[in-house]
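Working notes, structure below.
The values are calculated or read from the model by the stated rules, or taken from the named source; none is laboratory data. Since the model is a prediction, treat every value here as computed from it, not as a measurement. Here the Cβ positions follow ideal geometry from the backbone for every residue, glycine too, while neighbour counts run over all protein chains shown. Each accessible area value is taken on the protein alone, full model and side chains, heavy atoms only, with ligands, DNA and RNA left out. Shrake-Rupley method; radii C 1.70, N 1.55, O 1.52, S 1.80 Å.
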Amino acid sequence: MKLSLKQLAVYVFLLAFGCGAGLFGSRYLLLKNPSFQQLKNVTMASPPESVVPSSNGAIGATGGDNVNFIATAVQKVGPAVVRINATRKVANPISDALKNPLLRRFFGEDEQPIPQERIERGTGSGFILSEDGELITNAHVVADTDTVQVTLKDGRSLEGKVVGVDSVTDVAVVKIKANNLPTVKLGNSQNLIPGQWAIAIGNPLGLDNTVTIGIVSATDRTSTQVGVPDKRVSFIQTDAAINPGNSGGPLLNAQGEVIGVNTAIRADAQGLGFAIPIETAARIANELFTKGRVEHPFLGIEMADLSPIKKQQINQENQINIQQDAGIVIKGVTDDSPAKRGGLLPGDVIQKVNGKPVKISAQVQRVVESSKVGDILAIEVNRSGKIQTFKVQSGAYPERK
């Protein structure tokens, strides 16, 4: 049958209209999908089909059947996420001020108008590692307390014993008495690429089981870059909302695997959150459960990643003469430290550690942290244009007093 040009134009119009209506209808059904509606607290925009992860996690693969991947991930992990309520006694600074003799005469020598201690309460998150009640959270959530109250998603509230705390990595472990508990699945954070999906679950601001979503915005953020130089962690950076109360909760990939432990360590980090890589957190948790404490290898050097501008700034501040525009410079060496005894000096530019080239300070930090106290590390440096190698025996990270 022959069609006139006018008839053909009408058929094309009807076909296009029908496809558009079908697309609109499918989008409407998506919004009405009950499983999607379970995410009441998710802050997100529906991802385009072209960037929804496939079942193997590849970015850019089509995933029409995975359009609810966030809901699926949350349903897997949500039951294993807990709320942790901690109480601790802290010194009351007002009470100390009232020890002034003039104020004591005003109130009376025998009168104590203000209690010497006050009760401080805090809420954080955690997640279950084992069916018999081993949990992981942040050290700052449970610091200075022996027991905490752990609330499960099913409503049960149990007393938890704080088994160990490691302030250097901000990781702590808690044990509750229970069996057949839901657990998380640990993933891999070593090969994360900025732009991959990141899902955070926790109890921010006391709002239980809140889910936020974003992307991994950077990896290998050093403690110094993040603004917490007393920590020893190469952080994952994400734009998924992490607020007070999220601390200790899991950061997930698109498959619902835990890739990090969220930590709200920067109150001023608006729009940015940070997480401890799961490999670091799991290793520390294992040592805390088995030994009750963690020994961290320590060299005693302060490092910085070089750039032309950074080089000029470091030379001026430290009165040294670095020539390279790239690399890892040693800004300072702690007195009576393994690095000092091993011969390292400010101004040395690290080239290799144990024969492997390093380009950023986070790589050096990872090598040191993955070694054991007492191990000897071969550190190759460029010192005023001359390549030298120094053998440094790591010591134990000094405890803060």
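Distant-in-sequence amide contacts of residue 196, defined by a placed amide H-H separation under 5 Å and a gap of 5 or more residues or a different chain, comprise 216. For segment 297-314, the Karplus equation 6.51 cos²θ - 1.76 cosθ + 1.60, evaluated at θ = phi - 60°, returns couplings of x, 9, 9, x, 10, 10, 10, 8, 7, 7, 8, x, 5, 5, 4, 5, 5, 5 Hz by residue, with Gly and Pro reported as x. As a calculated quantity, the FRET efficiency between residue 208 and residue 75 at R0 = 22 Å, using C-beta atoms, amounts to about 0.90. Rounded, prolate or oblate: pick one for segment 236-378, where a ≥ b ≥ c are the square roots of the eigenvalues of its C-alpha gyration tensor, a/c under 1.5 means rounded, and failing that, prolate if a/b is larger than b/c, else oblate. Because a/c hits 1.5 or more and a/b fails to exceed b/c, segment 236-378 counts as oblate. The phi-based Karplus calculation (6.51 cos²θ - 1.76 cosθ + 1.60; θ = phi - 60°) puts the 3J(HN,Hα) values of segment 321-336 at 10, 7, 9, 6, 9, 9, x, 10, 9, 8, 7, x, 10, 5, 4, 6 Hz, whole numbers, x for Gly and Pro. Here the Karplus relation 6.51 cos²θ - 1.76 cosθ + 1.60, evaluated at θ = phi - 60°, turns the backbone of segment 174-187 into coupling constants of 10, 10, 10, 8, 6, 10, 6, 7, x, 10, 8, 10, 7, x Hz, with x for every Gly and Pro. To the nearest Å, what is the center-to-center distance of segment 359-401 and segment 227-289, using C-alpha atoms only? That distance is 25 Å.
Less than 5 angstrom separates the built amide H of residue 160 from those of 148, 149, 150, all sequence-distant by 5 or more or on a different chain. Extending 7 Å from the Cα toward the beta-carbon at both residue 324 and residue 388 defines two label points whose distance is 1.5 nm. For the peptides 377-388, 228-239, residues were scored by their other Cβ atoms within 10 Å and the scores averaged per peptide; the highest-first order is 228-239, 377-388. Around the amide H of residue 251, modelled in the peptide plane, lie the amide H atoms of 259, 260, 261, 262, all under 5 Å away and 5 or more residues distant in sequence or on another chain. Note on segment 220-281: with neighbouring protein chains present and a 1.4 Å probe, carbon and sulfur make up 46 percent of its accessible heavy-atom surface.
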